[in-house]
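Below is one structure, written out as structure tokens; comments come after it.
The values are calculated or read from the model by the stated rules, or taken from the named source; none is laboratory data. Keep in mind the model is a prediction, meaning the values are calculated, not measured. We place every Cβ from the backbone using ideal geometry, glycine too, and count neighbours over all the protein chains shown. Ligands, DNA and RNA are stripped out before the accessible areas are found, and what is left, the full protein with its side chains, is counted by its heavy atoms. Shrake-Rupley method; radii C 1.70, N 1.55, O 1.52, S 1.80 Å.
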Amino acid sequence: WDNADFSRGIGTTFYQEFPTLNTAKPPFVRDVEAKVRRYLRSSYSAAWTLKITWEKAPAYAAWTDTQRTITYQAVLTTDGFRSYVLMLYQEGGMRWDYTSLAATNVLIGYT
């Protein structure tokens, strides 16, 4: 979640928390649970989920290119024992020009 640059007033970041322990689960959380179950072939029932959205985020340094923005999300979820992260990118993937970024070891994802 590094290298997004909002200093020029372009793009925004927002989040939504879903505390679902002992409460009804909204459709978004049920969808997250279904994805975890499908991808990992295990039972999963979320107790807490956080959706973070970077909307129309330009790459650092924004003064070099404000036309290639990207919208992406990170969804963190846990059942209190196991935790998962879903990383979702707009159709077409990461559209930043990685050849003009300050870092040369660019990765999409996490380790």
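Quick rundown of the values:
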quantity: Under 19 Å from the Cα of Lys35 - lysines, other chains or at least 8 residues apart; calculated: Lys25, Lys51
quantity: Projected label distance in nm at Phe6 and Arg30, using a 7 Å step from Cα toward the beta-carbon; calculated: 3.1 nm
quantity: Cleavage-rule hits, trypsin sites (Lys or Arg not before Pro), the range 1-96, DSSP coil, Cβ neighbours within 10 Å at most 12; calculated: Arg8, Arg41, Arg82
quantity: Radius 15 Å from Cβ of Arg82, net charge of other residues (Lys, Arg +1; Asp, Glu -1); calculated: +1
quantity: The range 12-94 - percent of accessible surface contributed by carbon and sulfur, probe 1.4 Å; calculated: 54 percent
quantity: Contour minus Cα-Cα distance for Ile52 and Leu88 (0.36 nm per residue); calculated: 11.9 nm
quantity: Per DSSP, loop chymotrypsin sites (Phe, Trp or Tyr not before Pro) in the range 1-53 with at most 14 further Cβ within 10 Å; calculated: Trp1
quantity: Computed E for Ala61/Glu17 - FRET, C-beta separation, R0 35 angstrom, nearest 0.05; calculated: 0.70
